[in-house]
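These notes are about the structure you will find just below.
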Amino acid sequence: MIDFSATCPIPISQYPHVLLAHGGGGKLMHNLIQKMFSPAFGNTNSHDSATFHLGNAQLAFTTDSYVVQPLFFPGGSIAELAVYGTVNDLAMSGARPLFLSVGFILEEGLPMETLWQVVQTMQQAAEKAGVQIVTGDTKVVDRGKGDGIFINTAGVGLIEHSLNIHPTSVRTGDVLVVSGDIGRHGIAIMATREGLAFETTIESDSAPVAEPVLNLIQAGIEVHCLRDLTRGGLASTLIEIAEASQTQIHLDENAVPVREDVQGACEILGLDPLYVANEGRFAAFIQESDAEKALAVLHAHPVCENAALIGRVIENTPGRVTLKSKIGATRIIDMLSGEQLPRIC
Amino acid sequence: MKFIDEYRDAEAAKKYAESIAKITTRPWSLMEVCGGQTHAIVKFGIDTLLPPQITLLHGPGCPVCVTPVELIDKAIEIAAHPEVIFTSFGDMLRVPGTKTDLLSVKASGGDVRMVYSPLDALKMARENPDKQVVFFAVGFETTAPANAMAVYQAHLLGIKNFSILVSHVLVPPALEAILTSPTNRVQGFLAAGHVCAVMGFTEYEPIAHKYHVPIVVTGFEPVDILQGVYMVVKQLEEGRADVENAYSRAVNRIGNRDAQELIGEVFEVIPRKWRGIGEIPYSGLGLRKEFIDYDAERRFGVVHLTAEEATECISGLIMQGEKKPHECPAFGSRCTPESPLGATMVSSEGACAAYYRYRRFEEVQS
């Protein structure tokens with residue numbers, strides 16, 4: 001029986017309204033998921049996609065919505081994000097992405113030319129990622145009630161391996177590999193949106209990563225967990241995994257690849273690249289003996305050419321992420337409440 | 001990256017730490033004035049490299065932290081006006097007033113926008129002539145020139161729909177307030193490099209001599225901060241109390257004259273309330289009468305709005321170096337970044353937020 005009188009699990013006194021931070025990938029968003037969505041839907045899946053058996057096949061299923069402004073930015077657009085984001089979520093289960101659905105919510109007055117550009121780019125992105133867009137839906141809302149275009153995609157993929165790629169598979173002794181330099185997408189968007197000009201144009205890292213992931217599995221590498229780094233950045237992702245796996249993850253700040261222009265922009269804005277969003281990067285937890293082989297497989301793909309070993313899973317304090325700072329001292333990495341806000345001075 | 005890597009070099013940091021240990025013969029308490037320095041100290045773990053006799057106290061130099069709650073309430077009231085576009089630097093948006101914060105005003109329909117410069121707010125005023133654009137002018141001497149420039153340009157261009165809510169504070173009077181407190185523990189200061197880049201450091205010289213306290217102008221990278229600590233400790237050990245400059249790549253003795261003149265043209269020195277500390281005479285800036293039309297407090301009739309600080313918050317004691325964040329009974333329990341009792345827990349530069357974010361586990365357990 002449904003209990004309609006149940007009180008709202010998010011303390012209304014504290015947050016009577018939804019704030020932007022509830023979607024920022026930090027603590028408020030996790031509270032929303034853990035306290036409202038998961039219990040309401042009776043589901044505690046803590047991974048990027050759900051996996052299940054259907055007949056003899058094992059499938060991965062996921063969905064994501066895309067609300068970025070501007071629609072087109074250096075290195076990508078909402079169209080690529082909508083395809084690659086969902087493809088990458090499927091890949092994080094080690095699945096081969098196959099089919100996508102797309103739902104468009106369009107704002108009255110959107111130039112048809114813009115829509116056509118988005119649609120064409122989505123098709124090209126789908127071809128690049130090796131998936132088919134097979135079903136869709138369109139809604140139009142009044143002018144002023146949308147932000148040009150919102151896109152939802154859902155995706156299905158086929159799991160062809162017997163690994164249990166999940167946070168609970170992470171073990172003490174595992175090594176942590178990041179698939180490339182971090183922070184480019186978040187800085188590219190911020191620079192375009194806020195009209196910040198740097199000496200070079202920083203391009204988003206938006207890219208599909210299913211192929212390198214499948215290659216890792218095909219090479220026989222014992223992959224324990226995969227997670228794509230999106231909102232909240234590398235730091236938030238690792239905290240989620242440390243909590244779900246009840247392990248301690250120890251990072252070496254000097255080993256984390258950050259491009260110089262991204263680092264420079266972060267310095268100016270007072271942001272920490274560890275928390276900046278990515279759209280074509282993932283973290284992989286791998287058995288230590290496979291570390292070198294895994295890096296070799298990843299380096300063969302242009303999208304992963306800067307892949308690096310950045311940390312280890314150690315036995316100490318479960319559920320915690322720690323970092324050896326550039327000057328050699330150790331500190332904890334905590335999840336932010338919402339998005340990072342640029343500092344005053 | 002040039003100017004970053006060499007100042008975050010583990011070997012250089014280690015060498016400085018060893019030199020500090022070598023010259024230290026007894027306990028000393030130093031205060032870093034600026035919140036940016038506090039953040040760097042805790043983020044990089046700089047204090048963990050120091051000998052146990054050296055205590056770093058975290059000073060009042062975080063503009064978000066010292067802005068009194070009544071000014072936040074005024075900002076919130078102004079931002080709720082339907083004709084207002086309220087603009088602010090990012091980290092002021094989450095600071096709680098008595099009842100709510102600016103981000104919640106935004107969620108309830110207020111037009112609250114983050115900007116990176118007051119001149120962007122002025123541009124917004126020109127582009128939206130039917131709106132009132134208000135900029136929340138907070139900060140120390142560092143942000144004062146840009147804020148003065150926005151008002152000056154508005155005046156020059158005759159832009160009437162622009163105003164600023166002023167909450168400017170000054171460093172030297174705060175140092176004197178700390179030094180004259182009967183419970184003062186500070187024996188030497190790391191002065192804030194950015195503030196001195198604007199103001200120079202002549203105004204610190206009488207303070208160093210009057211109170212016999214060494215003051216070293218210090219930067220924000222780990223090696224900068226260790227160098228500042230080294231120079232303060234060396235003075236203390238030698239019994240000297242001078243103003244020295246450890247940040248000469250950005251600061252000279254007289255500072256930026258153009259910026260100082262602009263500040264002087266637009267602003268005048270007035271008493272200011274500091275959150276958690278109270279009113280300090282001659283410690284802030286307000287608009288001169290020639291520019292008073294740009295004062296948002298008057299324009300929106302909130303001059304007399306008052307508010308009480310939360311009584312449980314001890315941020316005043318923390319910013320004067322009398323307590324450390326984890327010595328507060330509410331730290332990490334009733335007071336967290338999600339539901340802060342005071343501003344030191346909100347701003348990323350606030351001492352409480354820095355401790356919470358980077359080391360709450362060790363500190364709470366000890």
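Values in this text are rule-based calculations from the coordinates and carry no lab data. Small disclaimer: the values here were computed from a predicted structure and weren't measured. Reconstructed Cβ throughout: ideal geometry from the backbone, glycine too, with neighbour counts over all protein chains shown.
Some observations on this one:
- Inter-chain neighbour count for A:58-66: the average number of beta-carbon atoms from partner chains within 10 Å of each residue's beta-carbon is 0.
- Residue range of chain A that is longest and free of trypsin sites (Lys or Arg not before Pro) which are both DSSP loop and sparsely packed (at most 14 other C-beta within 10 Å): A:146-345
- Count, lysine Cα pairs under 14 Å in the range B:66-166, 8 or more residues apart or across chains: 4
- Estimated inter-spin distance, A:His53 and A:Thr135, nm [label 7 Å along Cα→Cβ]: 2.4 nm
- The lysines whose alpha-carbon is closer than 30 Å to the alpha-carbon of B:Lys22, local same-chain residues fewer than 8 away aside, are A:Lys324, A:Lys326, B:Lys2, B:Lys14, B:Lys43, B:Lys210, B:Lys234, B:Lys323, B:Lys324.
- Sequence of B:Trp274, B:Trp28 once ranked by neighbouring C-beta atoms within 10 Å, starting from the fewest: B:Trp28, B:Trp274
- Here A:Gln124 and B:Glu312 are evaluated by their C-beta separation; at R0 = 45 Å the FRET efficiency comes out at 0.20.
- Tilt relative to chain B, helix B:118-127 - C-alpha long axis, 0 to 90 degrees, to 10: 10 degrees
- Dipole magnitude (debye, nearest 20) for chain A, charges at Cβ of Lys, Arg, Asp, Glu: 600 debye
- In terms of other Cβ atoms within 10 Å, A:His17, A:His53 run from fewest to most in the order A:His53, A:His17.
- Considering only A:Thr200, A:Gly26, B:Tyr230, the residue lying farthest towards the positive end of the dipole of the protein assembly as shown is B:Tyr230, judged by Cα position with unit charges set on Cβ.
- If R0 equals 45 Å, the separation of the Cβ atoms of B:Asn252 and B:Glu127 corresponds to a calculated FRET efficiency of about 0.75.
- In order through the range B:293-310: 3J(HN,Hα) via Karplus (6.51 cos²θ - 1.76 cosθ + 1.60), integer Hz, x for Gly, Pro: 5, 8, 7, 5, 4, 6, 4, 10, x, 10, 4, 9, 5, 10, 8, 9, 6, 5
- Note on A:Glu199 and B:Ser333: the model spin-label points, each 7 Å out from Cα along the C-beta direction, lie 5.1 nm apart.
- Extreme residue, positive dipole direction of the protein assembly as shown, given options A:Gly319, A:Gly232, B:Ile178 (C-beta unit charges): B:Ile178
- With the helix formula -39500 (n - 2.57) applied to DSSP H stretches of n ≥ 4, chain B reaches a computed 222 nm mean residue ellipticity of -11500 deg cm²/dmol.
- With R₀ fixed at 51 Å, the C-beta to C-beta distance from A:Phe41 to B:Glu261 puts the FRET efficiency at about 0.20.
- Among the GluC sites (Glu not before Pro) in the range A:180-243, those placed in a DSSP loop whose Cβ has at most 13 other Cβ atoms within 10 Å are A:Glu199.
- Approximate spin-label separation A:Gln246-A:Phe99, in nm, with each point projected 7 Å along Cα-to-Cβ: 3.9 nm
- About its Cα centre, the dipole of the protein assembly as shown is roughly 1020 debye, where the only charges are +1 on Lys and Arg Cβ and -1 on Asp and Glu Cβ.
- Extension gain (nm, one decimal) between A:Val18 and A:Met112, 0.36 nm per residue minus Cα-Cα: 30.7 nm
- Average partner coverage of B:345-357, which counts Cβ from other chains inside 10 Å: 2
- Ranked list, fewest to most other Cβ atoms within 10 Å of each Cβ, for B:Cys313, B:Cys196: B:Cys313, B:Cys196
- For chain B, Cys with no neighbouring Cys Cβ under 4.7 Å: B:Cys34, B:Cys196, B:Cys313, B:Cys328, B:Cys335, B:Cys352
- Relative contact order of the range A:167-333, pairs being alpha-carbon contacts under 8 Å that are 6 or more residues apart, as %: 43 percent
- Dipole of the protein assembly as shown computed with +1 at Lys/Arg Cβ and -1 at Asp/Glu Cβ about the Cα centre; of A:Ile159, A:Ile333, A:Ser289, farthest Cα towards the positive end is A:Ile333.
- For chain B, the relative contact order comes to 22 percent (Cα pairs under 8 Å, sequence separation of at least 6).
- Within 10 Å of the Cβ of each residue in B:48-55, the mean number of Cβ atoms contributed by other protein chains is 1.
- In degrees, nearest ten, helix B:35-44 long axis to first principal axis of chain B (Cα): 50 degrees
- About the centre of its Cα atoms, the range A:83-187 shows a dipole size close to 200 debye [charges on the beta carbon of Lys, Arg (+1) and Asp, Glu (-1) only; nearest 20 debye].
- Loop-located GluC sites (Glu not before Pro) in the range B:1-67 (DSSP state other than H, G, I, E, B) with a sparse environment of at most 10 neighbouring Cβ atoms within 10 Å are absent.
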